[in-house]
1. Looking for whichever is over 20 Å from I344 (Cα atoms), open to solvent by less than 20 Å² (accessible area, probe 1.4 Å) and in contact (Cβ under 8 Å) with a residue 24 or more places away in the chain here; the options are L450, L440. Which one fits?
2. Quick check on this structure: which one of I521, I531 is over 25 Å from the mean Cα position of the chain (by Cα), hydrophobic (A, V, I, L, M, F, W, C) and modelled with pLDDT of 95 or more?
3. Mind listing whichever residues of region 392-420 are within 15 Å of D373 (Cα to Cα), touching a residue at least 12 places away in the same chain (Cβ under 8 Å) and not small (G, A, S)?
4. Give me the residue from region 253-273 that is assigned to a loop (DSSP other than H, G, I, E, B) and closer than 27 Å to E186 by Cα and, out of that set, nearest to the chain's Cα centre (by Cα).
5. Determine, yes or no, whether R168 is open to solvent by 70 Å² or more (accessible area, probe 1.4 Å) and out of contact with any Ser or Thr (no Cβ under 8 Å at 6 or more places or on another chain).
6. Among the residues of region 147-165 satisfying the criterion of being within 20 Å of W108 (Cβ to Cβ) and under 19 Å from the mean Cα position of the chain (by Cα), which is surrounded by the fewest Cβ atoms within 10 Å (Cβ to Cβ)?
7. Give me the residue from region 274-302 that is assigned to a loop (DSSP other than H, G, I, E, B) and open to solvent by less than 30 Å² (accessible area, probe 1.4 Å) and, out of that set, farthest from P17 (Cα to Cα).
8. Quick check on region 549-572. Is at least one of its residues without any contact (Cβ under 8 Å) to a residue 40 or more places away in the chain and under 29 Å from the mean Cα position of the chain (by Cα)?
Amino acid sequence: MFGTNRELINWIIPYLPIGAELEYRDKQAILQYMDIDRDGLPEIFGVYRLNRKPYLFVLKNYNGHFIYYYPIPPEVEKKAVQVLYDFRETRAVYLFPVVRKEIGGNKWGYMDAKGKMVLPENFDRAEDFQENDLAIVGLMDKSGVINDKGYFIVKPKYDTIDPFSEGRAVVNDLRGFKVIDESGKEITEKAYSIIVGEYKEGRVRAVEIDEHGQYLYGYLNKRGKEVIPIIYEIASDFVQGKAIVKTKEGRFQLINLTGTFIQTYHFPYVGNYGEGLLAVKKVNEGKIGYIDEQGKIVIEPQFSNGETFLDGRAIVSLSENNNDRYGVIDRTGHFVIKANYNQILYLDEGRFAIGKELDPKQPCIRSIYALADSGGQILTGFIFTVINKFQDGLASVSDDQHTYFIDKHGKRNEHLPMVSGSGSLSFEKTLIKGHIDDRLLYFNRTGELLWKQARILPLNNQYSVVEHKYKPNKDYLVYYPQINGMENPERVNRALKELAGVKPVPAHTQLVSNYTGDYEIPFYQKNLLVIKMAGYDYPFCAAHGMPVERYAHINLETGSMYQLKDLFKSGSSYVKIISDRIGAQIKNSEKYASYLFPDEYHGIKVDQPYFISEAGLNIYFHPYEIAAFAAGFPTFTLPFDDLTDIINTNSEFWKSFH
């Protein structure tokens, strides 16, 4: 009946839900046409994705007319899944991003499912290949898109590229936000102030800012056209063909995919649509309840917070003494999980992570989680520091020491990896991918380690930099370098450990902050090795943490570690000269006016932080010294040619890299 894959697609498209997209491999839809239940009538079956989640469908052919095969008998489902899996695997060459530390920073490439490098480490950043066989990569602070042969579909020209959804991706450059298709073509006629989120059900939210600074929302279709005008103060994603918007007059309305009003609600607040119910407030500062689509109150306002209904449940909170306690209700408003917890997360597949404070006196430190089902039964103890969402009956979790998979009963799957450290494990095509303690690794499906990041960076035949890990406490993690090949490396390696943040830390004490540290090799020339130590110290309960940057300048031949003064002639006024040069840069460049504090620059110190690079001498300042926190580490580059009068070209420092 069907001669080609395209004929199959044409038949089944009208039967798919709004916004659904067929799954493809090598430009072929993952579809089959055969009699899988052996009743003499053939079925069309395949996989579509809706909001990124995969769904199996089976259409029964009755004399040229198709109806959904539902419910699908378990034996038919098993057979369909196996046939589709076999079909997919015969067409698939899966690639997985890998990273290697190199001089100049991390470089990314792609390996195959056996651990063999296929695309070399040429990228500054590399994301997973998506279902459309495209991957987002980064080069020189710009983002592009490659295919599985490594060819650029989109050259690195955008500041950001979001993952593809429904065959479209949101991109951003100096002009604003736009949408591209899978060929890389920009399909929007203009750039928008913002495009929010991703395509869902064929629509994505576009934002323009009016002359008063007001954000106004509307919707684009998959051709990049404004199908619902940009006139709303608030707009939600579409769910089951419906979305909530707020007009300039302050009215909340439920609209369909064409923008037609389904219902107007006379409440000061209406939340997002979910399974026929919407959160509302009767008065601005009042409690939250729920209404149906027609606007009738079905759950009386009583909650301080109320999330959207998913799978017949909603997470809500009750407030007492400005302290919110979270629980889960059903569609009648009955608590299936009582409001006794400081945090609750929905994990999909009818499971919740319920969290309680490690220290009730400091609830913002972090939570410890247990697993609960949608009926309110608590399935585990409060033992998890991280619980990720369930997928096909399994979820990645971390406790204080390990990361592993649990089933929907909270039991560890002993056939899958258990890894020392904290992070996540996920199923990626035919492998298991791990992000553990800020490092990447891969396992095969039997749990055997296939690939992990290299610890040794060879500089030449004599010298190498070896990575070491220091994690004395769950909230203190440092990767620090040690140099091999030097005659007497002990003093240098001790100094590197100290610079990296290796110090006595109690093992089983709750720290007041979380600290992570790492390093990179930005410069190596002749005998001079420059190592950058970067860290982030986040005090619990603070608005943000404090970044840390330190540089070590090491002569690999002599073991000397240089200070700024070692570069200049004895008695030279290098502090004043450099201070004046930086002052001139600030005065003569408009870019600094946007983020430097007025009148806060007063020159450099004798021991001013610095680093050597190909471009010259770089002087930097810590956050808040001369600029706002968001400016990071303000850095000023002075070419060596501009400093020839004061550089001591006979010094050991200068000769180490000349």
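1. L440
2. On the way: I521 fails: over 25 Å from the mean Cα position of the chain (by Cα).
Selected residue: I531, the only one of I521, I531 that is over 25 Å from the mean Cα position of the chain (by Cα), hydrophobic (A, V, I, L, M, F, W, C) and modelled with pLDDT of 95 or more.
3. At the first step, the residues of region 392-420 found to be within 15 Å of D373 (Cα to Cα) are 393-395, 406-411.
From what's left, touching a residue at least 12 places away in the same chain (Cβ under 8 Å): 393-395, 406-410.
The answer is L394, I406, D407, K408, H409.
4. Of all residues in region 253-273, those assigned to a loop (DSSP other than H, G, I, E, B) come to 257-260, 266-268.
Subset that is closer than 27 Å to E186 by Cα: 257-259.
Details: L257: 29, T258: 32, G259: 32 Å.
Result: L257.
5. Details: open to solvent by 70 Å² or more (accessible area, probe 1.4 Å): no; out of contact with any Ser or Thr (no Cβ under 8 Å at 6 or more places or on another chain): yes.
For R168, the condition - open to solvent by 70 Å² or more (accessible area, probe 1.4 Å) and out of contact with any Ser or Thr (no Cβ under 8 Å at 6 or more places or on another chain) - is not met.
6. D159
7. G286
8. If we filter region 549-572 for residues that are without any contact (Cβ under 8 Å) to a residue 40 or more places away in the chain, which is where we start, we get 571.
Narrowing the set further to residues that are under 29 Å from the mean Cα position of the chain (by Cα) leaves none.
No, the conditions are met nowhere in region 549-572.
The values are calculated or read from the model by the stated rules, or taken from the named source; none is laboratory data. The shown structure was predicted, so the numbers you read here are calculated from the model rather than taken from an experiment. Note that we place each Cβ from the backbone using ideal geometry, even for glycine, and neighbour counts take in every protein chain shown. Side chains included, ligands, DNA and RNA excluded: accessible areas come from the protein's heavy atoms. Shrake-Rupley method; radii C 1.70, N 1.55, O 1.52, S 1.80 Å.
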